[in-house]
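Working notes, structure below.
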Ligand code: FES
């Protein structure tokens, strides 16, 4: 940069990055300070103190993050308390429920927004305000590529849904009640009544869906203060945590502790095991792979299987279990789970408060053993996300066994193939559809390039005629994702996807499909010779290149086992800027 730090003594022990903007006595220093003073900023804020960017995904179109202005105020109080200069800045927000065609299409776009916003501005440290599903990975990915001192503050989950005397969970009960309407057990008026009962406070989905899983992931990675994962959004302690995080990030800047000083491969191992123990979302696999790619830390699909394999399900939360995030926090939250896992984890891994994850959880207590179980009495003995491979998924596919019907984890059935999401929707309830309870529903062309954006549609609805007969689960296979709040025997992320000629494109109606989760196998019982003939005859349709961002996406996105990042975004580029036009 052309700007030179002035001879002004720095506020901390060393000149900070922001001094290159605010510290000079020349025309540039005037310009950088003067325009900031139009917000009433006093001169003393430019004395070399840490400038903390508060990266905010507030939006009324992202209901899960709609309370983030108040959270940002709490972070600012902490930054000021510690002698820093807080500056809040917006980035694109991703509301899972409203965005079309799917929020995942925009995760990498937001990560670019975050990365460039941090690097281009006079920021010494960052607090990331994350909530709804994609906002957490997008912000962590962008910040990781810059690698400044960083703390994540999650927005917290909504209070438990309450409907006619029972707790209901975001997403999970939406899916189950929708099936009840299709099976004639509930009316659509009942469903409208349930809407307000399900979402009755600020915050994100209060099941262990993707948002709660990713909030747990950042805590397990050491990127947040303890208890970040589970404090409800409206609980005053969420604001205390936000203020403490603002205070702590100033400390990180003074000590020059960056993301890369905290997170290493051990941290990812902890995160993968924690995902298993809490019954976390399958989406975490793609997001963690992408985050590791940004941090240049090796992580593979096989690591998820190997690390998660013998981890028991300790937390009895929907969609795998009975309770909700509010119950989880009152029972002790993630520190109680980490303490219970004990030596299964890498307890010397670092965290943003300067202590190891083991030190942070030494005194953690569990207050409700119905919600957080012991290693001796788990909800399930083995809960890790399983990675399946075979001639139907040569690069892998995943399943969350804890959310599946155990009797279907080893299964053989005839394929019922849908060419697309639209095809599935048009025919799934057709009374003439040739399907029975043992059939394997297959949907293709719903992957990253094929849809595009890999929507959360892998948990296909069951055919109405089977629902009416009492069928509640079937094996479903696709190159899509599924909501972290969803459940069922659902095999997802089949790679390579059908739209680029993956083997899923070769399946025909009536083919026998075999799955064996214990053996980690997914197999199409069709001879290699027949498959070769089908491949020779396969006409892979041209992927639509519609221009704009969508074209960048289909041209650059990597397959799910690589984290679905853009090929040119992988890696840590740092926060340096070599040019300055001022
Ligand atoms: Fe935002 Fe579920 S829709 S977290």
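Tabulated data
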{"item": "Expected 222 nm ellipticity per residue - DSSP helices of 4 or more, -39500 (n - 2.57), all of the chain, to 500", "result": "-10000 deg cm²/dmol"}
{"item": "Of all DSSP beta bridges in the range 329-471, antiparallel share, percent nearest 5", "result": "55 percent"}
{"item": "Kirkwood hydrodynamic radius (C-alpha pairs) into Stokes-Einstein, the chain, 37 °C and 0.692 mPa s, D in µm²/s", "result": "134 µm²/s"}
{"item": "Normalised alpha carbon radius of gyration of the range 322-374 [divisor 2.2 N^0.38 Å]", "result": "1.16"}
{"item": "Shape call, the range 326-436: gyration tensor on alpha carbons, a/c limit 1.5", "result": "prolate"}
{"item": "Helix 107-120 axis, angle to the chain major axis (alpha carbon atoms, nearest 10°)", "result": "10 degrees"}
{"item": "Rounded D (µm²/s) - the range 517-575, Kirkwood Rh over Cα pairs, Stokes-Einstein at 4 °C, 1.567 mPa s", "result": "84 µm²/s"}
{"item": "Added length on full extension, which subtracts the Cα-Cα distance from 0.36 nm per residue, residue 98 to residue 265", "result": "56.6 nm"}
{"item": "Angle in degrees between helix 528-537 and the longest Cα principal axis of the chain, rounded to the nearest 10", "result": "70 degrees"}
{"item": "Pairwise label distance in nanometres, residue 573 with residue 309, each label 7 Å out on the Cα-Cβ vector", "result": "3.9 nm"}
{"item": "Helix 210-221 axis, angle to the chain major axis (alpha carbon atoms, nearest 10°)", "result": "50 degrees"}
{"item": "Three semi-axes of the equivalent ellipsoid, the range 275-315, Cα gyration tensor, whole Å, largest first", "result": "20, 11, 7"}
{"item": "Segment residue 543-residue 512, extension gain: residue separation times 0.36 nm, minus the distance between their alpha carbons", "result": "8.3 nm"}
{"item": "Prolate/oblate/rounded call for the range 268-397, Cα gyration tensor, a/c under 1.5 rounded", "result": "oblate"}
{"item": "DSSP bridge pairs, the chain: antiparallel proportion in percent, nearest 5", "result": "40 percent"}
{"item": "Computed E for residue 255/residue 348 - FRET, C-beta separation, R0 22 angstrom, nearest 0.05", "result": "0.75"}
{"item": "Inter-label distance for residue 465 and residue 438, nm, one decimal - labels placed 7 Å from Cα along Cα-to-Cβ", "result": "1.8 nm"}
{"item": "Where N is the number of residues in the range 474-555, Cα Rg divided by 2.2 N^0.38 Å", "result": "1.30"}
{"item": "Label-to-label distance, nm, for residues given as residue 405 and residue 365 (7 Å Cα→Cβ offset)", "result": "4.3 nm"}
{"item": "Zone of residue 550's modelled label, taken as backbone nitrogen in the range 83-106 under 17 Å from a point 7 Å along Cα→Cβ", "result": "99-106"}
{"item": "Ratio of Rg to Rh over the range 444-582 (Cα coordinates, Kirkwood Rh, two decimals)", "result": "1.08"}
{"item": "Prolate/oblate/rounded call for the range 50-154, Cα gyration tensor, a/c under 1.5 rounded", "result": "oblate"}
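Computed from the coordinates by the stated procedures, all read-outs in this text should not be read as laboratory data. All figures in this text were calculated on a predicted structure; none of them were measured in a lab. FYI the Cβ positions are ideal-geometry reconstructions off the backbone, even for glycines, and counts take in every protein chain you see.
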